[in-house]
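Quick notes on the structure that follows.
The values are calculated or read from the model by the stated rules, or taken from the named source; none is laboratory data. Remember, it's a predicted structure, so these values are computed and weren't measured experimentally. Cβ atoms come from the backbone with ideal geometry, glycine included; neighbour counts cover every protein chain shown. Each accessible area value is taken on the protein alone, full model and side chains, heavy atoms only, with ligands, DNA and RNA left out. Shrake-Rupley method; radii C 1.70, N 1.55, O 1.52, S 1.80 Å.
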Amino acid sequence: MTSSCEKELSDYNGLPEEERGADDDNLPSFTVEGFWGERLDKVLASLMPDVSRARLQKLIEEGSVEVNGEVVQKVRQKVSEGDEISLLEEPHLDESLAFTPEEDVDFEVKYEDDTIIVVNKPAGLVVHPGAGNPGGTLLNGLLWRYPELKDVPRAGIVHRLDRDTTGLMVVARTLAAQTNLVRQLQERSVKREYWAITLGSAAPDFIVDTPIGRDPKSRIRFKCFPGSTGVRAKPARTRARCVGWSSVDGLPVSWVACRLDTGRTHQIRVHLTSEDLPLIGDQLYRGRAPGLTVKIENLLEFHRQALHASRLGLIHPATGEYMEWFVPPEEDMICLMEDLGFGPWNVPVTVFENERL
């Protein structure tokens with residue numbers, strides 16, 4: 001029988017994707033060679049020996065595997081030579097493999113006590129080992145600095161950020177703290193604020209309340225599906241407020257602060273792009289005028305998505321006290337903001353007045 005504690009931790013994989021994070025730019029795909037009429041799950045298990053067959057079967061049943069561009073949900077589906085298999089979700093390594101070895105990975109710790117660690121994640125750092133990133137991740141670095149985390153599922157990680165998104169994350173140092181934080185994420189009592197620098201002129205205040213799902217034309221992109229929910233689209237809601245406006249080469253640029261009422265993969269990037277506000281430097285979401293987006297990116301010499309998790313607020317799992325942290329962006333984004341005349345970037349700008357973060 002599964003205990004309530006184990007049930008809470010197993011719900012990590014049921015959290016909205018933005019809470020777990022996702023590195024969708026590196027999702028595996030394969031061309032079948034040397035297999036004739038074999039079951040899909042057996043072929044995938046041979047191609048991905050570091051991922052358990054049970055995990056691969058679950059991915060198939062959940063509709064996260066495509067064969068020749070069509071979603072397949074039967075593990076006994078036969079595949080043939082030359083078939084193209086694509087995964088629509090990151091297939092995490094088995095924990096027994098993923099949680100070793102420890103590695104000395106560079107990241108800043110903003111706060112720590114016996115219960116939690118608050119990390120300032122740098123750009124380019126993947127949070128959790130996966131089939132495309134077996135090492136050099138934040139998880140490996142956490143195990144290096146805090147060996148006791150080997151006794152906590154997923155080394156205490158309860159939510160993640162995309163590879164090139166910077167900013168604050170909380171990590172649990174105990175099983176009880178992790179269970180508590182997972183519950184807070186599910187109940188939306190963990191609050192996070194993001195800064196985005198976008199092309200376009202943002203409205204002073206706006207809400208994007210549009211379902212998000214995978215783009216059927218691309219296995220690594222997501223898109224809005226207005227008025228639709230289902231297998232490919234889930235409800236998603238982002239609150240946004242413009243902090244400042246500027247321009248580059250005569251084109252408007254905005255500094256937008258965002259709060260998530262839901263958490264979907266790439267939610268801020270997709271929602272802002274749907275409002276004609278693509279993030280500067282975003283290599284995946286270029287907006288309706290990709291030529292202009294690339295032009296501004298090159299003029300500003302900024303080539304990753306300009307997105308930063310600037311503030312984090314939560315109820316401390318042990319004390320019950322509300323705590324909040326702020327970190328400014330990394331140097332490259334600071335230079336970007338200074339070039340655009342945005343500031344102050346080094347103080348926690350209060351853009352959602354009368355709200356505790």
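Go over the candidates V182, V208, V152, V190 one by one and state the one that is within 30 Å of V105 (Cα to Cα) and touching a strand residue (DSSP E or B) at 6+ places or on another chain (Cβ under 6 Å).
Of V182, V208, V152, V190, the one residue that is within 30 Å of V105 (Cα to Cα) and touching a strand residue (DSSP E or B) at 6+ places or on another chain (Cβ under 6 Å) is V190.
When you scan the stretch 263-351 for helices (runs of 4 or more DSSP H) that lie fully inside it, which ones turn up with 1 or more residues that are among the charged types (D, E, K, R), farther than 30 Å from R173 by Cα and modelled with pLDDT of 95 or more?
267-274, 331-339
If I filter the stretch 161-213 down to residues being acidic (D, E) and in contact (Cβ under 8 Å) with a residue 12 or more places away in the chain, which single residue comes out as nearest to G320 (Cα to Cα)?
Ranking the candidates gives E193 first.
Determine the pairs where a residue that is at pLDDT 85 or above, located within the stretch 38-51, has a partner that is open to solvent by less than 50 Å² (accessible area, probe 1.4 Å) and in a loop (DSSP other than H, G, I, E, B) with Cβ atoms under 6 Å apart, the partner being 6 or more residues away or on another chain.
Once the first residue is at pLDDT 85 or above and sits in the stretch 38-51, its partners that are open to solvent by less than 50 Å² (accessible area, probe 1.4 Å) and in a loop (DSSP other than H, G, I, E, B) give D41/V75; V43/F35.
Can you confirm whether P329 is in contact with a strand residue (DSSP E or B) (Cβ under 7 Å, 6 or more places away or on another chain), within 21 Å of V243 (Cβ to Cβ) and crowded, with 16+ Cβ neighbours inside 10 Å?
yes
How many of the residues making up the stretch 216-250 are over 19 Å from G167 (Cβ atoms), open to solvent by 40 Å² or more (accessible area, probe 1.4 Å) and touching a residue at least 24 places away in the same chain (Cβ under 8 Å)?
Residues that pass the stated criteria total 10.
Would you pick out the residues in the stretch 180-200 that are in a helix (DSSP H, G or I), in contact with a helix residue (DSSP H, G or I) (Cβ under 8 Å, 6 or more places away or on another chain) and either open to solvent by 10 Å² or more (accessible area, probe 1.4 Å) or within 12 Å of H316 (Cα to Cα) (or both)?
Passing the criteria: R183, Q186.
Conditions (1) under 30 Å from S86 (Cα atoms); (2) over 16 Å from the mean Cα position of the chain (by Cα), marked per residue:
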{"site": "V170", "(1), (2)": "no, no"}
{"site": "L175", "(1), (2)": "no, yes"}
{"site": "L185", "(1), (2)": "yes, no"}
{"site": "I197", "(1), (2)": "no, yes"}
{"site": "A203", "(1), (2)": "no, yes"}
{"site": "I207", "(1), (2)": "no, yes"}
{"site": "T210", "(1), (2)": "yes, yes"}
